[in-house]
Amino acid sequence: MSSIYLEIEKTLERRRDENEKLHRKRVEEIYEKIPEIREIDKEIRSLGFGAARASLGGDKEEASEIMESIQEGKAMKEGLLVSSGYRRDYLDEIHQCDLCKDTGTLEDGGRCQCYKKELTHHLYKMSNVERMIERQNFSTFQMDVFSKIPFEDYEKTPWENMNDILEVVDAFLETFPEPNDMNLLFYGSTGQGKTFLSNAIAGELLERNYIVVYQTAFSLVDILEQRKFRNDGSEELKLKYELLLEADLLVIDDLGTEMANNFTNSQIFNIVNSRLISGKKTLISTNLSPSDISKTYTDRIFSRIFDKFVPVHFYGPDLRWER
Ligand SMILES: [Zn+2]
C-alpha cells in the first residue's frame, strides 16, 4: 500500500517537472520573440523586491503603490502577448490542478481532490475491479440473455423488466451531476446482473473522470472496524475512510452479507446519510428484499434513507453471472 503513495508522489513530481520545463520553454520563446517582455519582467522583479522592502518597513502606502505598478507591468505584458497572437495566460505558471498546484496537498494540509483521484485509480488497478469493468460494461451487456418467458408471478418478463431497469440506469447516469436524490438500490437474488450493471455504471463514471469507490459491504465493514479498533492514525486508513464519504459515487456491493451488528449498521448508516446530505450518489446492491432490509437494519432512520433510493428489482432465472 505505501508504495502506492510513493508512486503517486512520483507522478505528481513528474507532472510538476514537466510543467515547469514547459513554462521555462515558453518564457524563453517569448523573450526571443518579444524582447520587451524580458525588460518588463526584470522591472517587475525589482519592483517586487521594493514592495517587499516597503511592506517590511511598514510603509503600506508605498508598498501598495509599487503593487499597482506591478499590476500595470503585468497588464502591459498581457497586452503584448495578445497583440502577438498569444493567449493572455501564455506565460502563467502551468498546473494540471489549480487547487493544489500539483502538489497534492491543499493549503489547510488536507489532500487535494486530484490526489484522491489518483489514489482511486491506483486502487482500481490493484483490485480486480478494473479487470471486471473491462469485461462488464455497457458495450458487453447483452439483452438477449434475459428471458422473454414470464417468470413466476411477475407481470413483466425478465427481458421487459431489464428494459425498464436500463431506463432507470440511463436516467441515473444522465442526471448524475445533479443533486437530485437519485440513488440506486439494486435488489434481487444472485445471478440477475446486479453486479454487472454496477460495474458498468462504475466504469462509465470513471471514464467521465468521476471518483468512484467500489466496496463490498464486507470490505466496507472491515475499513470501519479497522478505523475503530486499530486506529493507528495511518494515512492509508484515513484516506480510505475519506474516500467513502467524498467519492462522487460509492458502490456498496452485497449489502447484507457482512457481519452486521449495531456498530457497523450505524456506521454504514452514517456514511450513506452524510453522502445524502452532501448530495453524493450511492449505489447499493443486495440480495435482501426491502422487507429483509428493514428487519436487518432495524434503525428507523434507515428506512428514511431508503426513501432517497430508487428501488430496482432484479428477477428471473439465475444467469450465473455473478459467481
Ligand atoms: Zn490538486
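Rule-based calculations on the coordinates, nothing more; no lab input. Because the structure is predicted, anything quoted here is derived from the model rather than measured. So basically every Cβ, Gly included, is an ideal-geometry build from the backbone, and we count neighbours across all protein chains shown.
Here each label is just a point 7 Å from Cα along the line to Cβ, and for GLN71 and LEU237 those points are 5.0 nm apart.
Helix 194-207 and the longest principal axis of the Cα set of the chain meet at an angle near 10°.
Report the relative contact order of the chain, percent, no decimals, based on alpha-carbon pairs under 8 angstrom and at least 6 residues apart. Show your work: numbers first, answer last.
On the way: 370 pairs, mean separation 62.1, N = 323.
Result for the chain is 19 percent.
Rounded to two decimals, the Cα radius of gyration of the range 1-158 over 2.2 N^0.38 Å is 1.79. Compared with the dominant Cα axis of the chain, that is its longest principal axis, helix 158-174 is turned about 20°.
Between LYS42 and LEU106, what is the FRET efficiency for a Förster distance of 35 Å, r being their Cβ-Cβ separation, to the nearest 0.05? Computed FRET efficiency for LYS42 and LEU106: 0.55. Working note: Cα atoms of the range 2-83, range along each principal axis, descending, whole Å: 51, 37, 16.
Please sort by residue number the trypsin sites (Lys or Arg not before Pro) in the range 149-231 whose DSSP state is loop and whose Cβ has at most 12 other Cβ atoms within 10 Å.
Here the sparse-neighbourhood loop sites are ARG208, ARG230.
Each DSSP beta bridge with both residues in the chain is either parallel or antiparallel, and the antiparallel ones are about 5%. Maximal additional length on extending the GLN142-LYS228 stretch stands at 26.7 nm, based on 0.36 nm per residue less the C-alpha distance. For the set LYS116/LYS240; LYS228/LYS308; LYS280/LYS308; LYS117/LYS194; LYS25/LYS116, the pairs lying more than 20 angstrom apart at their alpha carbons are LYS228/LYS308; LYS117/LYS194; LYS25/LYS116.
Compared with the dominant Cα axis of the chain, that is its longest principal axis, helix 235-246 is turned about 70°.
Distance between the C-alpha centers of the range 1-28 and the range 35-101? Whole Å please. Each part's Cα centre sits 25 Å from the other's.
Percent of Cα-Cα pairs more than 29 Å apart in the chain, please.
53 percent
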